[in-house]
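Structure first, commentary second.
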Amino acid sequence: MNETPPVSTATPLDAWLTALAQPNGAPGGGAASGVILAVSAGLLHMVAEYTDDARAAASAQRLSGARHEALRAAEADGAYSVAFGAALALPGDDPERDRRVAEAAVSASESSVALGAAGARFLPELELLAEIANPSVAADLAIAAESLALGISGATINLRTDLRLARKHGADAAACDALEREAERLADARSRASAIAQRVRAQLDD
């Protein structure tokens, strides 16, 4: 990874994907997970708009904000990836390398927590819509649920990977333990989204 500035999520999709394909880590897997979460929020918003229920109308309003929050978290994650890449690129004999990698790894872990939490916060909307959604858009609901699970899973994978590096390079153990607990909470949110996706898929197969 290098120190190329992160690419804005306002970039046209084709250009953003082109940037994602480059070997610079910004955007990388974390930012991609955030975009997937935003796609989930967008699909859920659509499902809510198709559902003739006051609760769905209120959900649609909340989901609009959730989509923007996920995109902001995706963009922020790219910035942390740049700093992390710069720390990892330091020569192995640099006396500051361990400290800088540890600090960058903890910051990247915190960014992954924020990213996953942005998705977990609209899990209640998925749970609501799974109960009241217009059956005509059940397939879109299933895709939204799968996307939510995938986005949270991506954030959790990055979190656990960065935490291993943080510990290896001497990061504060208490801070790492706290982040491990956040990883468990995100894993639970992913499981809840996956369970809903499975239930909706089963209904489609009936």
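Rule-based calculations on the coordinates, nothing more; no lab input. Bear in mind that the values here come from a model prediction, so they are computed numbers and not experimental data. Neighbour counts are summed over all protein chains in view; Cβ atoms, including those assigned to glycine, are modelled from backbone coordinates with ideal geometry.
Structure data summary
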{"item": "Count - residues of the stretch 150-171 that are of a type in the set (A, V, I, L, M, F, W, C), over 9 Å from the mean Cα position of the chain (by Cα) and over 11 Å from Ala183 (Cα atoms)", "result": "3"}
{"item": "Of all residues making up the stretch 43-65, the number that are of a type in the set (D, E, K, R), in contact (Cβ under 8 Å) with a residue 40 or more places away in the chain and either assigned to a helix (DSSP H, G or I) or within 18 Å of Arg121 (Cα to Cα) (or both)", "result": "2"}
{"item": "Residues that are among the acidic types (Asp, Glu) and closer than 10 Å to His169 by Cα, drawn from the stretch 82-110", "result": "Asp98, Glu103"}
{"item": "Boolean, Ile152 is of a type outside the set (D, E, K, R) and surrounded by fewer than 24 Cβ atoms within 10 Å (Cβ to Cβ)", "result": "no"}
{"item": "Set Glu125, Glu146: member being crowded, with 20+ Cβ neighbours inside 10 Å and under 14 Å from Ile36 (Cβ atoms)", "result": "Glu146"}
{"item": "Test: residue in the stretch 169-188 that is within 24 Å of Gly28 (Cα to Cα), in a helix (DSSP H, G or I) and touching a Lys or Arg at 6+ places or on another chain (Cβ under 6 Å)", "result": "yes"}
{"item": "Residue within the stretch 50-64 that is closer than 27 Å to Arg164 by Cα and of a type in the set (Gly, Ala, Ser) present", "result": "no"}
